[in-house]
1. What do you get when you divide the Cα radius of gyration of the range 165-306 by 2.2 N^0.38 Å, with N the number of residues?
2. Order by neighbour count: Phe93, Phe304, fewest other Cβ atoms within 10 Å first, most last.
3. Less than 20 Å apart at the alpha-carbon level, and either on another chain or at least 8 residues along: which lysines does that give for Lys64?
4. Note down the nm distance, to one decimal, between modelled labels 7 Å out along Cα→Cβ at Gln103 and at Glu150.
5. What whole-number distance in Å separates the alpha-carbon centres of the range 88-117 and the range 135-150?
6. So how do Trp236, Trp184 line up by other beta-carbon neighbours within 10 Å, fewest first?
7. Sorting Asp89, Asp238 on the 10 Å Cβ count, fewest up front, what's the list?
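Only the coordinates and a few stated rules stand behind these numbers; no lab work does. Remember, predicted model here, so these are calculated numbers, not experimental data. Here the Cβ is made from the backbone with ideal geometry for all residues, glycine too, and neighbour counts use every protein chain on show.
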Amino acid sequence: MNVLGKVLLAFLPDDLESVIKFALLFILVPIVFLTLAFAGPITAVEKIPLVSYEQIQMYISIAKKVSESTKNPYSEGVEIDWRQLVAIDAVRFKQDFSEANPQEVEELAKLFLEKVGEVKVKEGDEVKIYPIYRLRSLDEVLNILHFSREEKEKVKEFLSIDFSALLDYAVPENWSPVEKTLKWPVSGVYTITSHFGPRIDPVYGVEGFHSGVDIGAPARTPVTAALDGEVVYAGWNDGYGLVVFIWHNNNLETRYAHLSSITVKQRQIVKAGDVIGYVGSTGKSTGPHLHFEVRVGGKAVNPFDFFK
Ligand SMILES: [Zn+2]
């Protein structure tokens with residue numbers, strides 16, 4: 001008998017104990033497989049960031065404000081690094097920056113200040129006091145916050161990420177698109193919830209690259225074609241959920257993802273401004289928004305380049 005035959009025979013039940021073992025094998029193996037199959041997608045969802053442009057602006061302005069407050073005629077003051085504040089909160093709030101409010105961020109910023117002295121000056125009848133501050137190190141602040149060793153490492157891992165790219169790609173508040181080549185796909189809605197470029201994942205590190213812009217809009221808001229073209233795909237596509245791909249002239253392609261429904265068919269010719277579907281949250285999405293992507297020669301480019 002060959003080896004394979006012997007192995008198979010060894011698995012065949014010949015008494016009650018073996019029957020139970022055999023049955024267990026049939027229960028346990030699928031459980032292990034299911035666990036492995038679902039572990040992937042769950043991890044992927046947890047890795048969705050993020051700190052928005054507006055939230056980063058809040059950290060920058062508060063760090064600046066608190067730093068400014070340390071400056072006086074007798075001290076040039078200290079400079080608080082806003083990136084350290086973001087990194088700490090990324091770990092404190094487990095990436096959910098919606099929990100961050102200006103008051104708490106200011107309190108956190110002040111933990112970086114240690115008063116080491118003061119200068120008393122008689123000005124007229126009054127005695128004015130000018131405090132002198134020293135900047136606490138990140139480790140000192142993390143100790144004050146009672147961070148564990150693991151949490152401290154996460155903060156430092158987060159700090160190794162380059163934030164500048166995120167800010168470069170972002171647009172200022174109250175921005176509205178300049179429509180030249182392309183028409184904005186959700187008329188009147190300019191809330192950008194995630195920008196094109198490197199995604200920041202506060203806990204696990206950089207999550208690849210965000211290939212489009214996310215426009216936060218209520219579910220069922222009409223989505224329109226950005227330019228005349230031909231629908232080359234309309235349907236389900238894994239992470240995109242319900243998505244429409246449109247090809248235009250000049251090697252240009254636009255994609256509209258996470259739709260709740262689609263109103264066009266493959267091969268349909270559309271005009272700029274035609275409704276192609278409605279905003280939704282299908283696929284890898286945490287809330288209703290349009291993921292709008294522009295590709296040139298197949299390569300994703302910053303959609304804002306077409307609206308600035
Ligand atoms: Zn997106």
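1. Ratio of Rg to 2.2 N^0.38 Å for the range 165-306: 0.98.
2. Phe93, Phe304
3. Leaving aside lysines fewer than 8 places away in the same chain, those within reach of Lys64 are Lys110, Lys115.
4. 3.1
5. 12
6. In order of increasing Cβ crowding within 10 Å: Trp236, Trp184.
7. Asp238, Asp89
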